[in-house]
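Trainee: Pasting a structure here, questions to come.
The values are calculated or read from the model by the stated rules, or taken from the named source; none is laboratory data. Small disclaimer: the values here were computed from a predicted structure and weren't measured. No Cβ is skipped: glycine too gets one built from the backbone with ideal geometry, and neighbour counts run over all protein chains shown. To get the accessible areas, we keep the full protein, side chains included, count just its heavy atoms, and leave off ligands, DNA and RNA. Shrake-Rupley method; radii C 1.70, N 1.55, O 1.52, S 1.80 Å.
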Amino acid sequence: DVVLTQTPPTLSATIGQSVSISCRSSQSLLHSNGNTYLHWLLQRPGQSPQLLIYLVSRLESGVPNRFSGSGSGTDFTLKISGVEAEDLGVYYCVQGTHAPYTFGAGTKLELK
Amino acid sequence: EVQLVESGGSLVQPGGSLKLSCVASGFTFSNYWMDWVRQTPGKSLEWIGEINTDGSKTNYAPSIKDRFTISRDNAKSTLYLQMSNVKSDDTAIYYCTRLWDYWGQGVMVTVSS
C-alpha cells in the first residue's frame with residue numbers, strides 16, 4: 001500500500017501567519033493517464049472532512065484562494081497564505097492513484 | 001444542494017452483521033463512482049472501498065475484503081455497505097463520499113459484546 005507521510009503532525013499558528021504542510025508518498029502518484037490523484041481535505045472539529053484541493057493544485061469550488069497546493073511525483077505541499085480562525089482543524093492528504101487509496105495521518109492546525 | 005445522508009449505524013456484537021445506507025440527493029447519483037471511508041475514534045481516515053456507476057465493479061481495502069460488500073440502487077439514489085463478521089477493529093464512524101468532494105455526516109458503528 002502507498003504510505004503518505006504528513007509533516008508536521010501539529011502546527012501552531014497565529015492569525016495571518018502563512019503555513020505549509022508536507023505530504024510525502026512512498027511511491028509516485030502519477031497515474032498512467034497523466035493525472036496525479038493527490039488531494040487535500042480539512043476536517044474541522046465535529047465535522048465531516050471537506051475537500052480543499054484536488055489533483056495536487058486545483059482549488060475546490062467555494063474554497064478561499066489563500067489555500068494552494070503544489071508538488072509532483074512523491075512530494076506535495078499545502079500552503080495557507082494567512083491563516084484565519086475558520087482554518088483550524090485537521091488536514092489530510094489522500095491519494096487516489098493506487099488502490100487501496102490511502103490517507104496521511106493528519107496535521108492538526110492550532111492557534112498559537 | 002448535494003446531500004449524502006447515512007443511516008443504519010448501531011451497536012453490534014462481534015461476528016454480527018450490519019447494513020449501512022447512504023441516500024444521495026442534489027445530483028445525478030448514477031453518474032458517479034461512490035466510496036465508503038471510515039474513521040476510528042481519534043484517528044485518521046481509512047478507505048474501505050468504491051463502486052462504479054452501474055454497480056458492476058467494486059474495489060475494496062484488503063483489511064475488509066470478503067467481509068464487507070458495497071452495492072448501490074441507482075433508482076433509489078442509495079449506496080449500501082453490508083458489513084459481515086464484524087470485529088472490534090471495525091468500530092468507527094463510517095462516511096459515504098462522492099469522489100472526496102461531498103461527504104455524508106457519518107454514522108457510528110460500535111462492535112462490542
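Trainee: May I ask you to evaluate 6.51 cos²θ - 1.76 cosθ + 1.60, the Karplus curve with θ = phi - 60°, for each residue of the stretch A:20-30 and list the ³J(HN,Hα) values in order in whole Hz, giving x for glycine and proline?
Mentor: Working through the residues one at a time gives 9, 10, 9, 9, 10, 9, 6, 8, 4, 9, 6 Hz.
Trainee: If we count every other residue with Cβ under 11 angstrom of B:Trp103's Cβ, Lys/Arg +1 and Asp/Glu -1, where does the sum land?
Mentor: Charge balance near B:Trp103 sits at -2.
Trainee: Next up: Over all directions, average the projected area of the Cα convex hull of the stretch A:62-112 and note it in nm².
Mentor: 4.6
Trainee: How many angstrom lie between the C-alpha centres of the stretch B:1-44 and the stretch B:80-102?
Mentor: Value for the Cα centre distance between the two parts: 6 Å.
Trainee: I would also like to ask the following. Return the tail of the calculated pair distribution for the protein assembly as shown, meaning the percent of Cα-Cα pairs more than 28 Å apart.
Mentor: Of all Cα-Cα distances in the protein assembly as shown, 30 percent exceed 28 Å.
Trainee: How large is the accessible surface per residue of the stretch A:19-103, computed with a 1.4 Å probe and reported in Å² as a whole number?
Mentor: Per residue, the stretch A:19-103 has 42 Å² of solvent-accessible surface.
Trainee: Let me ask another. Enumerate the whole-percent occupancy of each 10 Å bin, from 0 to the last occupied one, for all C-alpha pair distances of chain B.
Mentor: P(r) for chain B, in whole percents per bin: 15, 51, 29, 5, 0.
Trainee: Tell me the label-point distance for the pair B:Glu1, A:Gln27, using the 7 Å Cα-to-Cβ offset, in nm and rounded to one decimal.
Mentor: Label at B:Glu1, label at A:Gln27, 4.2 nm between them.
Trainee: Can you work out the Karplus-derived ³J(HN,Hα) for every residue in the stretch A:96-102? Use 6.51 cos²θ - 1.76 cosθ + 1.60 with θ = phi - 60°, whole Hz, and x for glycine or proline.
Mentor: So the Karplus estimates, Gly and Pro as x, are x, 8, 10, 6, x, 5, 9 Hz.
Trainee: Report the paramagnetic label zone for B:Ser25: residues of the stretch A:28-64 whose backbone N is under 20 Å from a point 7 Å from Cα along the Cα-to-Cβ axis.
Mentor: A:48
Trainee: Give me the accessible area per residue for chain B, probe 1.4 Å, as a whole number in Å².
Mentor: Per-residue accessible area for chain B comes out at 46 Å².
Trainee: Please give the total accessible area that chains B and A bury against each other, computed with a 1.4 Å probe and expressed in Å² to the nearest 100.
Mentor: 1300
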